[in-house]
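Working notes for the structure below.
The values are calculated or read from the model by the stated rules, or taken from the named source; none is laboratory data. Note that the coordinates shown come from a computational prediction; the quantities given were computed from them, not determined experimentally. Don't worry about glycine lacking a Cβ; one is built from the backbone with ideal geometry, like all the others, and counts go over all protein chains shown. Surface areas here come from the heavy atoms of the whole protein model, side chains and all, with no ligands, DNA or RNA. Shrake-Rupley method; radii C 1.70, N 1.55, O 1.52, S 1.80 Å.
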Amino acid sequence: MNKLCLLGLVVSLASQSAFADTPAAPLQDKQAFIANLLKQMTQDEKIGQLRLISIGPEMPRERIREEIAAGRIGGTFNSRTAPENRPMQDAAMRSRLKIPMFFAYDVIHGNRTIFPISLGLAATWDMQAIAKVGRTSAIEASADSLDMTFAPMVDIARDPRWGRTSEGFGEDTYLTSRIGKVMVQSFQGSSPANPDSIMAIVKHFALYGAVEGGRDYNTVDMSLPKMYNDYLPPYRASLDAGAGGVMVALNSINGVPATSNTWLMNDLLRKDWGFKGVTISDHGAIQELIRHGVARDGREAAKLAIKAGIDMSMNDTLYGEELPGLLKSGEVTQAELDQAVREVLGAKYDMGLFKDPYVRIGKAETDVKDYYADQRLHREAARDVARRSLVLLENRAQTLPLKKSGTIAVVGPLADAPIDMMGSWAADGRPEHSVTVREGLRRAVGDKAKLVYAKGANVTGDKAMFDYLNFLNFAAPEIINDPRPAAVLIDEAVKAAKQSDVVVAVVGESRGMSHESSSRTTLEIPESQRALIKALKATGKPLVLVLMNGRPLSLAWEREQADAILETWFSGTEGGNAIADVLFGDYNPSGKLAITFPRSVGQIPMYYNHLRIGRPFTPGKPGNYTSQYFEEPNGPLYPFGYGLSYSDFSLSGLNLSSKSVKQGQDLQASILVKNTGKRDGETVVQLYIQDVSASMSRPVKELKNFQKVMLKAGEERTLHFTVKADDLKFYNGQLQWAAEPGEFRVQVGLDSQAVQEQSFELL
Ligand code: NOJ
């Protein structure tokens, strides 16, 4: 932009601004500006700023605008285009102090262009790809007038029964922290005030992923060292990356709901971590304090929440209703109210809304005609990221890649399922934009091969699940069951298989099965689909399973039936094309699991970085009184970090720069990686650390670094890693973060299980 344009922009911003020309309120100085504004606000206006309202059918728009103009609403969520949001901002500009509104939405893995679900993004282990997702989402969301997203969700998930496993980045602290940081930076760009940035609200603070039994909204009970070492760092990393806010979790933590948890928000978040942004409750969470059994009534709930540090109340009723009385009686102080208001105004300031309330809404003349036009999508980016997220779990006898010739049967209830391609929390994505697997394969083969399609089974034959899944989507049925008997559907698929050279069966979960409040007690593919797989196997045709799911599934039986298995998560708008790219070898798969796949639900919790124990089971040396189960071998079906490629890779010669290091010093590790296959390909070289003996039992290993490398067929390269002094530190029993002298092991592998190892001594 040249200087003249820049000047023009500044002038136009200043003329739209509510405060820029108030001499007592220097806009350049955030604190002074907010202090000055606060002085002018009535108590009701202050309370209004703490109210975040969901725009939905329950509240008529006219009423909302009146409330806004009266200064009784601070921001909204769920309304997501400029024509919807402009009248609300206009109403705010009619309010006494013209404090701008902000408009938020759950932009989790894309806004209109839908990228793979977060668990799939994590499987890319590719920070550039993830940055592309965050940036594209921000560009699309801000172009549609949104200022804020309730993302990233960085809850560590080690219990795949929890449906929201799909929404996070898996089980690992380090990987999730890296991704959380990249997401925040790419949503916010160089500043959340930029017109094409959106503010990131990190969620759900804290420990939501550890709900007991994987049952959503359940309680969390956790030791402090586990909390500090494993669960808290991703929130911290995302906040250190500059996230503007935090959404507080719905669960309780060691008996105290997060929403009324003074230790969590005041002591840890504000004092220890020095967090300066806004805190937002989750939907209706303040009211829920009554059902948690810590508040007698709404009045007490509102009091507990504001005193504990909840600035903004999502879908508020109680702050609006109860704070006036609580302030009058002195139970809530003016200082407490002011503090919360200051944070909300601060967030608005940081989003650039005081400079220009219409910074993302723009002028009516520039509104797009068709918000859902295909040209508005970023399809190329979506395809690129989607194919990086796919994980090849099995490939016997080089079943894959497939040839683009002969006849291919495409079967399964998810083969042609545009809604499911998007996964849950698909923001403003539209199913009609999704490329399904069937469509992706059709485009890939053109007229070179024949495709035959049959649905083969319904996603589930369970009536209760079917009803629940359809209840989740108010707008349209989520899943439509074929009314014909199961045997007829299977028969049709078997016929298709028999006339084909290979069968691609797209099976797994519908997207609603891996969603908020979609917990499961089994990780199996529903029976209706297993019956289909069995019948397909009986045809003797090569069988490729393409899985769609938002959590690890237990696949021990499927592994025996299939010749190849490709894990595709819910891969987004361009998923079908990306899956075709991998199935036909136009892209060599490089994804690696960001979460362990257990053999069965009975092994849960199962995660790679578990603590060491006194009587471990040693493979090959079965013994009584060792830690094992009767029915199944120890260990996962597919470990964390695992994923195949059409190339083979080898690692050799792990070398450390020294046999010992002093406190505070770094160490260098190097290893040779070689592509021993016939195709160019990418792999992820993972570096883990084990603290062999410490004041507390430490994990068998912990991921501390990784590099994703592209190697040509036959190419080898020496990779260098720095083992940093901080990589050896942990929170001990006294919650001191320190490295303890003694032996450490550096382990390097292409997954978390098959590793090479070298030790060194910390002096
Ligand atoms: C409830 C969910 O827990 C949270 O993640 C989401 O951001 C809000 N609803 C708003 O949709």
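A few notes on this one:
- When the range 380-407 is filtered for residues that are part of a strand (DSSP E or B) and touching a Lys or Arg at 6+ places or on another chain (Cβ under 7 Å), the ones remaining, listed by number, are VAL391, GLU394, THR407.
- ASN194 vs. criteria in the same structural domain as VAL133 (by the TED database), touching a residue at least 12 places away in the same chain (Cβ under 8 Å) and assigned to a loop (DSSP other than H, G, I, E, B): yes
- Residue selected from the range 364-379 under the condition closer than 29 Å to ASP581 by Cα and without any contact (Cβ under 8 Å) to a residue 24 or more places away in the chain, by the criterion least open to solvent (accessible area, probe 1.4 Å): ALA373
- Considering the range 219-241, the residues that are in a loop (DSSP other than H, G, I, E, B) and open to solvent by 40 Å² or more (accessible area, probe 1.4 Å) include one that is farthest from the ligand (Cβ to nearest atom), namely SER223.
- Test for MET127: is it outside the structural domain of THR596 (by the TED database), free of Cβ contacts under 8 Å to residues at least 60 places away in the same chain and under 18 Å from MET247 (Cβ atoms): no
- Here the helices (runs of 4 or more DSSP H) wholly within the range 474-587 that include at least 2 residues being buried (at least 24 other Cβ atoms within 10 Å of the Cβ) are 486-498, 527-538, 575-583.
- When ILE73, ILE53, ILE47, ILE68 are checked against the criterion of being at negative phi, part of a loop (DSSP other than H, G, I, E, B), crowded, with 22+ Cβ neighbours inside 10 Å and not assigned by the TED database to the domain that holds ILE198, ILE73 stands alone in meeting it.
- Residues of the range 190-218 satisfying the condition of being open to solvent by 40 Å² or more (accessible area, probe 1.4 Å) and either within 16 Å of the ligand (Cβ to nearest atom) or closer than 20 Å to THR136 by Cα (or both): SER190, ASN194, PRO195, ASP196, ARG215, TYR217
- Flag for GLY284 being without any contact (Cβ under 8 Å) to a residue 12 or more places away in the chain and within 25 Å of the chain's Cα centre (by Cα): no
- In the set PHE187, PHE169, only one residue is part of a helix (DSSP H, G or I) and open to solvent by less than 10 Å² (accessible area, probe 1.4 Å); that residue is PHE187.
- Candidates ASP159, ASP155: the one that is under 20 Å from ARG236 (Cβ atoms), in a loop (DSSP other than H, G, I, E, B) and assigned by the TED database to the domain that holds ASP196 is ASP155.
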